Amino acid sequence: MDASYRIGLATLLLLLGGGLFAKTMMGRARLLLAGRPETRWNLVRDRAVTLLRIGIGQQKMFRDPADPSAGWIHALTFWGFCILGLRTTQLFIQAYVPDFQWPLIEPLYAPIKDLTVLVVLLSILAFFHRRLVIRPKRIAYSHEALLILGFIGMLMVTEFGFEALHYGARIAAGGADATVAREHLGHAPIGRVLADLAAGSGIAAGTLWVLGEVNFWVHVAIILVFMNLLPMSKHFHVITSLPNVFLSRLDPPGALAFVPDIEKALEEEKPLGLSVPNDLTWKQILDLYTCTECGRCEVNCPAWNTGKPLNPKMIILDLRDHVYARQQQIITGVSAAGGTGRLAIGADGVAVSGQVSAKEKAEAESGLPELIAGLNPDAIWSCTTCRSCSEQCPVMIEHVDKIVDVRRHLVMTRNEMPKELAKTLANLESKSNPWGMPSGKRADWSKGLGLPTIDDNPNPEWLYFVGCAGSFDDRAKKIAVATSQVLQAAGVSFAILGKKEKCSGDLARRSGQEYLFQEQAKANIELFVQGGVRKIITTCPHCYNTIKHEYPQLGGTFEVVHHTEFIARLVADGKLTFTEGEKQKIVYHDSCYLGRYNDVYDDPRKALLAVPGVELVEMERSKKLGMCCGAGGARMWMEEKIGTRVNNLRVEQALETQPQVIASACPFCMTMLSDGVKAKDVADSVATKDLAEIVAERLKKPEPAVEP
């Protein structure tokens, strides 16, 4: 049975398929390299661990308790492809060396390969069942997806078919061919059974051989077609997902990208943020390539789940489509009409430099930058920056950074933002707090507590950074008082900044006003340095995250702990004692900037469980799957006019546990949860308290001094 013809045909197909693939990939690579520079090649060991855990191990595929089967069938298919990579390579080699077997590993690999083909085939059938029968809402339905599934299924069928028919023909022919066939099938249990069935079917050996060759070439053709479809479809992630995971950010997720020389950029009126495709970094473009369209980001998005126009998946896909449509323009820096990639706009709003198409001119006059002309501004401003999208993304796409970059352009370059946010930022600029309250009133909450300021106690062991909410919001002031009482009861040496304290800048940075953030941060850093501050306690997770992870970008590096971490430490060290009291059924709400951004989940729960009488219950969506209260990303200062209020939905989830108290550890969360409890008309039966308040209420008071 002569297979010598394979060499010429295989060479022709490889040249055609490989050449087309190389051409397409060259275009994608050039587009990637056209992105702005970004350092992602450091910390190789840590990146390798992340790749093994999330990329190879598929860890994030199993995080959805409501749909565990989806994770398993995807992971099994992925692992199967990894294992079958050797078999694919072997088949191409067999086009030139028909009886090639892997030396040394064949006895072990052959049975694993057989089982893997069967498992992948069953997984593909499960995928078809999900898409055609179950039809989950998060899945984007397309003929392309069904075609790809069909291709993968056919690869498995033709793999079994080729082995059964090819070796079955040899067995049926008898003699030396049969001996060779049985040797090759000695370690392939499924292949051996199928080959014996084919040989005993009564079909002539020559016919079996021809049918086996048909399976071989169909298999090869599908691989080459599939390979060329990948970079032109959503399944590009098959190629880019592992590199994207390896190159994902390893620095704290709470640190947004720093904008250097921002004063100079503003003076020279340079566009800031994400304006045109050329503003994307190469890693951001790789993110766009890698979206699997699985919808896990939208399932967990608080904005999308309350009827807002923000769909994190569509943000990525819209940006991707926009970039693909302008691939040549981005690569060359010249538009299709011959002008430059970035439009220059005159005083009348009309493009004045370069030749531009009618479409480009319309985009220039639309009031939105070219890159985001197709994005809904309400979607951009609906984001709470809770980062649930990125946390659940199985390929480590960074959604929030891109949204904030768009906000930076809208705010700093175009001066476009919701009117209530504009007023808040004006207050922040003039009074260093979003309420616009006089700075001299910052320490009024502490009257009667005997708290030293940093002027009274320079070089303190700890600085208590109160934050704007604790200083000016009546409800949050109670949290600041409770925190101070806990610190005093434990004998902690600390001071406050008093009226000198500035806003941490989180509000400004998340809303896109980078310049204002840097001004506030620099002022605080100067105060910290002058006062000899080394260690800082905060009650606001937003202040905590910003001071801990973003101040170092401006040269301010300090030890920063959240009050929940500190209280848990005091409890563990035996520095707090409690009195007995009534039992309380408490459900704890995880703040996004404490939990997802900083992985602080256990300490608040440990502190609560240390309080006598506390029965701690959990919401279905808690910890990494916890839902935002709706206040993050500067949403605290914007009206929620579209859809259901996020805080009301979160309170509904909390009430399902039938708690007496909804506990939180963030002044913004407190506001949102309290408002939600009132909206649900359960304020008389369900209290909202900060962890510090719960601890302070049960503190054992010191015994009064006895007169001698």
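The values are calculated or read from the model by the stated rules, or taken from the named source; none is laboratory data. Keep in mind the model is a prediction, meaning the values are calculated, not measured. Backbone-built Cβ (ideal geometry, glycine too); neighbour counts: all protein chains shown.
Some observations on this one:
- Restricting the first member to the range 38-57 and to residues that are farther than 10 Å from Leu242 by Cα, and the second to residues that are among the aromatic types (Phe, Trp, Tyr), the beta-carbon pairs closer than 6 Å and six or more apart or on different chains are Arg47/Phe246.
- Scanning the range 449-486 for residues that are touching a residue at least 12 places away in the same chain (Cβ under 8 Å), within 28 Å of Leu673 (Cα to Cα) and surrounded by fewer than 21 Cβ atoms within 10 Å (Cβ to Cβ) turns up Leu449, Arg475, Lys477, Lys478, Val481, Gln485.
- Pair list, Cβ under 6 Å, 6 or more apart: the range 572-583 residue among the small types (Gly, Ala, Ser), other residue part of a loop (DSSP other than H, G, I, E, B) and surrounded by 13 or more Cβ atoms within 10 Å (Cβ to Cβ): Gly581/Gly613; Gly581/Arg698
- If you go through the range 167-184 and keep only what is at pLDDT below 90 and surrounded by 19 or more Cβ atoms within 10 Å (Cβ to Cβ), you end up with Ala181, His184.
- Matching residues in the range 597-620 - criterion: being in a loop (DSSP other than H, G, I, E, B) and at negative phi: Tyr597, Asn598, Val600, Tyr601, Val611, Pro612, Glu618, Met619, Glu620
- Any hit, the range 237-244, residues being hydroxyl-bearing (Ser, Thr, Tyr), at pLDDT 95 or above and either buried (at least 20 other Cβ atoms within 10 Å of the Cβ) or not assigned by TED's automatic domain parsing to the domain that holds Gly630 (or both): yes
- Residue within the range 67-79 that is closer than 26 Å to His187 by Cα, in contact with a His (Cβ under 9 Å, 6 or more places away or on another chain) and among the hydrophobic types (A, V, I, L, M, F, W, C) present: no
- Residues being more than 46 Å from the chain's Cα centre (by Cα) and without any contact (Cβ under 8 Å) to a residue 12 or more places away in the chain - total across the range 208-217: 1
- Single residue of the range 497-541 satisfying the filter (part of a helix (DSSP H, G or I) and hydroxyl-bearing (Ser, Thr, Tyr)) that is surrounded by the most Cβ atoms within 10 Å (Cβ to Cβ): Ser511
- Listed by first and then second residue, the pairs with beta-carbon distance under 7 Å, at least 6 apart or on different chains, first residue in the range 129-153 and within 21 Å of Gln392 (Cα to Cα), second acidic (Asp, Glu) and part of a helix (DSSP H, G or I), are Arg138/Glu298.
- Count - residues of the range 468-482 that are under 33 Å from the mean Cα position of the chain (by Cα) and acidic (Asp, Glu): 1
- Matching entry among Leu52, Leu91 (being among the hydrophobic types (A, V, I, L, M, F, W, C) and modelled with pLDDT under 95): Leu91
- Index of the failed condition, Ser591 passing every other in (1) under 29 Å from Lys701 (Cβ atoms); (2) surrounded by 22 or more Cβ atoms within 10 Å (Cβ to Cβ): (1)
- When the range 487-496 is filtered for residues that are buried (at least 18 other Cβ atoms within 10 Å of the Cβ), under 12 Å from Leu449 (Cβ atoms) and out of contact with any strand residue (DSSP E or B) (no Cβ under 7 Å at 6 or more places or on another chain), nothing remains.
- When the range 1-29 is filtered for residues that are of a type in the set (Lys, Arg) and in contact (Cβ under 8 Å) with a residue 24 or more places away in the chain, the ones remaining, listed by number, are Arg6, Arg28.
- Here is the figure for the range 558-596: residues that are in a helix (DSSP H, G or I), among the hydrophobic types (A, V, I, L, M, F, W, C) and closer than 17 Å to Trp462 by Cα total 4.
- Test: residue in the range 623-637 that is of a type in the set (A, V, I, L, M), out of contact with any Pro (no Cβ under 7 Å at 6 or more places or on another chain), farther than 24 Å from Thr385 by Cβ and outside any loop (DSSP other than H, G, I, E, B): no
- Residue match in the range 543-557 (condition: assigned to a helix (DSSP H, G or I), of a type in the set (A, V, I, L, M) and within 26 Å of the chain's Cα centre (by Cα)): yes
- Test for Glu268: is it surrounded by fewer than 23 Cβ atoms within 10 Å (Cβ to Cβ) and either without any contact (Cβ under 8 Å) to a residue 40 or more places away in the chain or within 17 Å of the chain's Cα centre (by Cα) (or both): yes
- Scanning the range 185-235 for residues that are of a type in the set (Gly, Ala, Ser) and either under 30 Å from Tyr289 (Cα atoms) or surrounded by 18 or more Cβ atoms within 10 Å (Cβ to Cβ) (or both) gives Ala188, Gly191, Ala195, Ala198, Ala199, Ala205, Gly212, Ala221, Ser233.
- Some residue of the range 67-77 being loosely packed, with under 12 Cβ neighbours inside 10 Å and closer than 30 Å to Leu319 by Cβ: no
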